[in-house]
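Step one of this worksheet: look at the structure below.
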Amino acid sequence: MKSLTEYLTFHIPQRMAFKNITQQVADVVSKSGVQEGLVLCNAMHITASVFINDDERGLHEDYKKWLEGLAPFDASTARYQHNRTGEDNADAHMKRQVMGREVVVAVTKGKLDFGPWEQIFYGEFDGNRPKRVLVKVIGE
Amino acid sequence: MKSLTEYLTFHIPQRMAFKNITQQVADVVSKSGVQEGLVLCNAMHITASVFINDDERGLHEDYKKWLEGLAPFDASTARYQHNRTGEDNADAHMKRQVMGREVVVAVTKGKLDFGPWEQIFYGEFDGNRPKRVLVKVIGE
Amino acid sequence: MKSLTEYLTFHIPQRMAFKNITQQVADVVSKSGVQEGLVLCNAMHITASVFINDDERGLHEDYKKWLEGLAPFDASTARYQHNRTGEDNADAHMKRQVMGREVVVAVTKGKLDFGPWEQIFYGEFDGNRPKRVLVKVIGE
């Protein structure tokens, strides 16, 4: 069994934004030499996500508005007890649960085995600082 | 390490519906000959899900109503910018995030290692066209 | 390829609660002898979750309140058809979808490859009975 682990670092200036990282994950898969296997790609921070969806600007705006409706940013301690710790990011911990921590993608014939529109995104919900994403390929 | 990759195609006539695909996934596991490993099962389309829950008709109706409340269908461009692309399915991209893209299931002694009620479902949120699900087994 | 499968049992007295199970998963990884691989950790029951987030008491209270808002407990059959089966836990099937069934974590140099705050939790949404969590490690 072969394996390769790499760590990608992203520094998103906005509080909430989505970045297409498909090519960077594909590059790790190529470098691994794995022909048949799985690749795990996960946020290493708990106010961020890795997810698969469409690379369409309007949809990303829709996601932001929708997530803000489901779990509004509120720095006060009235809505969120977590903010009593001195943080203001309780909402980000909720947004990340809706969008997910990780994806597992099939590697087939040495490539990400994707449907026609699948793209991998890093989702940031409490930005303006560097955060890491883990990519691990296993297989043969 | 052994591996087997298969693609299942589903054509759901309704806009939103859930289909039990456990047996089809179990058949791929059997065919793979893997005794100990993992099976990845994911929607290859970004307005569909694969998830694990209960095969109970009332619960599925509850899911539909609940998801419609969280992310209502609205073909207009007033609520969803994504629909400016000519699509009417922005809601489906949100419903899919709540229900998830994929499941990873343990294969133990050659079988899906499930609790008493776990069943695998294909979740369709923008139906009436054929879509694919990837099943990949790895292990020994 | 090595593999090890273990089953953890939890009996949470509350209806909804979160329990940190990181050490128990780390112990299974150690016992497996796997240096490079993946570990799958999933709830075997469909009204429970395994997820990764912060071990902060205030945040857990926030999660409970937030999930109760998204999918309120209601034992009647007016809101949830599932409760016509004699169950009262339809809400728990929804809360579990938001928080997720499973996590897949990288094993690197024999350890859980985690960011600074990542911790694994068992999430119970219909407690007061024993339930199982599956931990499966594969790799070399």
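Return yes or no: is A:ASP91 closer than 17 Å to A:ALA17 by Cα and among the acidic types (Asp, Glu)?
yes
Quick check: is even one residue across the range C:48-68 at pLDDT 95 or above, polar (S, T, N, Q) and crowded, with 22+ Cβ neighbours inside 10 Å?
Yes, the range C:48-68 contains at least one residue that is at pLDDT 95 or above, polar (S, T, N, Q) and crowded, with 22+ Cβ neighbours inside 10 Å.
List the strands (runs of 3 or more DSSP E) that sit entirely inside the range A:1-85 and contain at least 2 residues that are under 14 Å from the mean Cα position of the chain (by Cα) and at the interface with chain C (Cβ under 10 Å from one of its Cβ atoms).
A:37-43
Consider only pairs whose beta carbons are under 6 Å apart and that are at least six residues apart or on different chains; among these, list those whose first residue lies in the range C:121-140 and is more than 12 Å from chain B (Cβ to nearest Cβ) and whose second residue is open to solvent by 10 Å² or more (accessible area, probe 1.4 Å) and small (Gly, Ala, Ser).
Sorted first by the residue in the range C:121-140, then by its partner, the pairs are C:GLU124/C:ALA17.
Quick check: is even one residue across the range C:87-95 touching a strand residue (DSSP E or B) at 6+ places or on another chain (Cβ under 7 Å), closer than 21 Å to C:PRO130 by Cβ and either more than 8 Å from every other protein chain (Cβ to nearest Cβ) or not β-branched (Val, Ile, Thr) (or both)?
For the range C:87-95, residues touching a strand residue (DSSP E or B) at 6+ places or on another chain (Cβ under 7 Å), closer than 21 Å to C:PRO130 by Cβ and either more than 8 Å from every other protein chain (Cβ to nearest Cβ) or not β-branched (Val, Ile, Thr) (or both): present.
Within the range A:21-35, restricting attention to residues that are touching a residue at least 12 places away in the same chain (Cβ under 8 Å) and open to solvent by 50 Å² or more (accessible area, probe 1.4 Å), which residue is nearest to C:TRP117 (Cα to Cα)?
Restricting to residues being touching a residue at least 12 places away in the same chain (Cβ under 8 Å) and open to solvent by 50 Å² or more (accessible area, probe 1.4 Å), the top hit is A:GLN24.
Does the range B:103-112 contain any residue that is more than 7 Å from every other protein chain (Cβ to nearest Cβ), more than 22 Å from C:SER49 (Cβ to Cβ), part of a helix (DSSP H, G or I) and touching a residue at least 24 places away in the same chain (Cβ under 8 Å)?
No: the range B:103-112 contains no residue that is more than 7 Å from every other protein chain (Cβ to nearest Cβ), more than 22 Å from C:SER49 (Cβ to Cβ), part of a helix (DSSP H, G or I) and touching a residue at least 24 places away in the same chain (Cβ under 8 Å).
In the list B:ALA90, B:ALA106, which residue meets the criterion of being open to solvent by less than 10 Å² (accessible area, probe 1.4 Å) and under 20 Å from A:ILE120 (Cα atoms)?
B:ALA90
If you go through the range A:1-20, how many residues are open to solvent by less than 30 Å² (accessible area, probe 1.4 Å) and small (Gly, Ala, Ser)?
Going through the range A:1-20 one residue at a time, the tally reaches 1.
The values are calculated or read from the model by the stated rules, or taken from the named source; none is laboratory data. Bear in mind that the values here come from a model prediction, so they are computed numbers and not experimental data. Cβ: placed from backbone, ideal geometry, glycine included. Neighbour counts: every protein chain shown. Keep in mind that these areas ignore ligands, DNA and RNA; they rest on the heavy atoms of the full protein, side chains included. Shrake-Rupley method; radii C 1.70, N 1.55, O 1.52, S 1.80 Å.
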